[in-house]
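> Handing you this structure, nothing more for now.
The values are calculated or read from the model by the stated rules, or taken from the named source; none is laboratory data. Everything numeric in this text was worked out from a predicted model, so none of it was measured. Cβ sites come from the backbone with ideal geometry, for glycine too, and all protein chains shown count toward neighbours. The accessibility values were calculated without ligands, DNA or RNA, using every heavy atom of the protein model including side chains. Shrake-Rupley method; radii C 1.70, N 1.55, O 1.52, S 1.80 Å.
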Amino acid sequence: LEYGTDSLEMHVDAVRKGDRVVVVDDLLATGGTAAATARLVRRCGARLLEVAFVVELGFLHGRKKLRGVPVFSIVRYE
């Protein structure tokens, strides 16, 4: 999803209103997948606390698509 167009789905009862959610993924590149996931979580009425990644490719500026949400990365490449 990072470099193309597609859809992202989540089971309707995976997250409920009032849940506190941390999204964890392996890679933050352009931020498209993480931003779509954040929108899904919020649409369900949950509170997105943070998004966390193992690796972040900082030179692709994916954090910009996640404004308003704390972003944590273990390794960041500039």
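> Quick check on my filter: what residues within the stretch 52-78 are in contact (Cβ under 8 Å) with a residue 24 or more places away in the chain and either exposed (fewer than 12 other Cβ atoms within 10 Å of the Cβ) or not in a helix (DSSP H, G or I) (or both)? Explain how you work it out, then say what you get.
Here is the first cut: in the stretch 52-78, the ones in contact (Cβ under 8 Å) with a residue 24 or more places away in the chain are 52-57, 60-66, 69, 71, 73.
The answer is Ala52, Phe53, Val54, Val55, Glu56, Leu57, His61, Lys64, Val69, Val71, Ser73.
> Now a separate question. If you scan the stretch 10-47, which residues turn out to be in contact with a Leu (Cβ under 8 Å, 6 or more places away or on another chain), assigned to a loop (DSSP other than H, G, I, E, B) and not hydrophobic (A, V, I, L, M, F, W, C)?
Answer for the stretch 10-47, where residues must be in contact with a Leu (Cβ under 8 Å, 6 or more places away or on another chain), assigned to a loop (DSSP other than H, G, I, E, B) and not hydrophobic (A, V, I, L, M, F, W, C): Thr30, Gly31.
> Let me ask something else. Considering only the stretch 27-35, I want to know if a residue exists there that is touching a Lys or Arg at 6+ places or on another chain (Cβ under 8 Å), of a type in the set (A, V, I, L, M, F, W, C) and over 20 Å from Ala14 (Cα atoms).
Pass one, the stretch 27-35, residues touching a Lys or Arg at 6+ places or on another chain (Cβ under 8 Å): 28, 30-32, 34-35.
From what is left, the residues that are of a type in the set (A, V, I, L, M, F, W, C) are 28, 34-35.
After this cut, where a residue has to be over 20 Å from Ala14 (Cα atoms) as well, the list is 28.
Yes, the stretch 27-35 contains at least one residue that is touching a Lys or Arg at 6+ places or on another chain (Cβ under 8 Å), of a type in the set (A, V, I, L, M, F, W, C) and over 20 Å from Ala14 (Cα atoms).
> With the requirement that a residue be open to solvent by 60 Å² or more (accessible area, probe 1.4 Å), of a type in the set (Val, Ile, Thr) and at pLDDT 95 or above, what does the stretch 7-51 give you?
Scanning the stretch 7-51 gives Val22, Val24.
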